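Since the structure comes first, as structure tokens, the remarks are kept for the end.
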Amino acid sequence: MVIHSAQINRAKSLRKNMSDTELKFWYRINRNQMGVKFRRQQPIGPYVVDFVCHSLKLVIELDGDQHLFNIEYDNKRTQYIESQGYMIIRIPNAYLTCTGIDDVVHTLYRCINENLDYYEFFVSRYQ
């Protein structure tokens, strides 16, 4: 997988301009608080993902309203990232705003540390 300087520059820009929701989520999962290392706004091939844990091959996307209008692009992006061996968990920003980040972080922590099925605890719950 080749990462070009354009993706690196885009990732740097996105890190500097994260949404409030992304920042709050990042502060809860960074510095190995989950027992694994997450990176924010990281390139995977031609795409930049919100959060990734390379050791678990896990991508977390916090989906805002823009994802309602870019379905074809999102599908292509998802196919590429999954073809690289990553699992993607998509969590709508609206859910984080209504329910709170704590619930999502707690669920993520349990999945990682208790070896639970991500699909059962995330995909079915938040999508």
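Miscellaneous remarks
- Sorted on the mean count of surrounding Cβ atoms within 10 Å across their residues, most packed first, peptides 75-84, 46-55 read 46-55, 75-84.
- Contour minus Cα-Cα distance for H54 and S5 (0.36 nm per residue): 15.7 nm
No value in this document is a laboratory result; all are computed from the given coordinates. The model shown is predicted, which means the values in this text are computed figures rather than measured ones. Neighbour counts run over all protein chains shown; Cβ positions are idealised from the backbone, glycine included.
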